[in-house]
Amino acid sequence: MKKLILFLCISFATLSCSDDDTKEENILIGKWKLSKISYFDSNEYMPKNDEYVHYTFTNTNNLIIESNVNLPQEDLSFQFTNPTTIPYSFHQDNEFLMEKVVRLGNQSNSYQLGTYGFRKEENTLRLYEYDGKVIRFEKIQ
């Protein structure tokens, strides 16, 4: 009887410690259409009807920005609409947001979009920054 109880305890412990518990789903993967960028000072950017800005988060941790928007470099929204491919990574922010954040770009890359908290609700995604900037997307694929 003791052997049976020991066997059941070991079996339960082995099953409850599966690899699935340590893997985390990347909810950003997919293609997203930029709908609006809101800035702290109440400025906003929204693509016009004939414009598009698509963000594709890949499962290889690359962000591909596709766009037909032609903003001047001095525009606040230029870096968010300019076509490029940059890495992204997740981090735990224990200082300000106290939650998981995504870093778009990296320090060795001259193209750094910043670090954002994120919220996904059904087919919408919001990236938000400490300074009040919020970037909103709608899911395409």
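The values are calculated or read from the model by the stated rules, or taken from the named source; none is laboratory data. Nothing here was measured: the structure is a model prediction, and the numbers come from that model. Counting neighbours? That spans all protein chains shown, and the Cβs are built from the backbone with ideal geometry, glycine included.
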| In the stretch 30-50, what count of residues is obtained for those that are assigned to a loop (DSSP other than H, G, I, E, B) and more than 30 Å from THR60 (Cα to Cα)? | 7
| task | Write out, first by first residue and then by second, each pair whose Cβ atoms fall under 6 Å of each other, whose residues are 6+ apart or on separate chains, and whose first residue, in the stretch 40-64, is within 19 Å of VAL101 (Cβ to Cβ) while the second is of a type outside the set (A, V, I, L, M) and at pLDDT 95 or above. | result | TYR55/TRP32; LEU63/PHE57
| query | Any residue at all in the stretch 69-81 that is closer than 20 Å to PHE118 by Cβ and among the hydroxyl-bearing types (Ser, Thr, Tyr)? | reply | yes
| request: For the stretch 47-67, enumerate the residues that are surrounded by 13 or more Cβ atoms within 10 Å (Cβ to Cβ) and either over 13 Å from the mean Cα position of the chain (by Cα) or of a type outside the set (S, T, N, Q) (or both). | output: PRO47, GLU51, TYR52, VAL53, HIS54, TYR55, PHE57, LEU63, ILE64, ILE65, GLU66, SER67
| said: It is to be established whether one or more residues within the stretch 74-91 are closer than 19 Å to SER35 by Cα, in a strand (DSSP E or B) and within 11 Å of the chain's Cα centre (by Cα). | reply: no
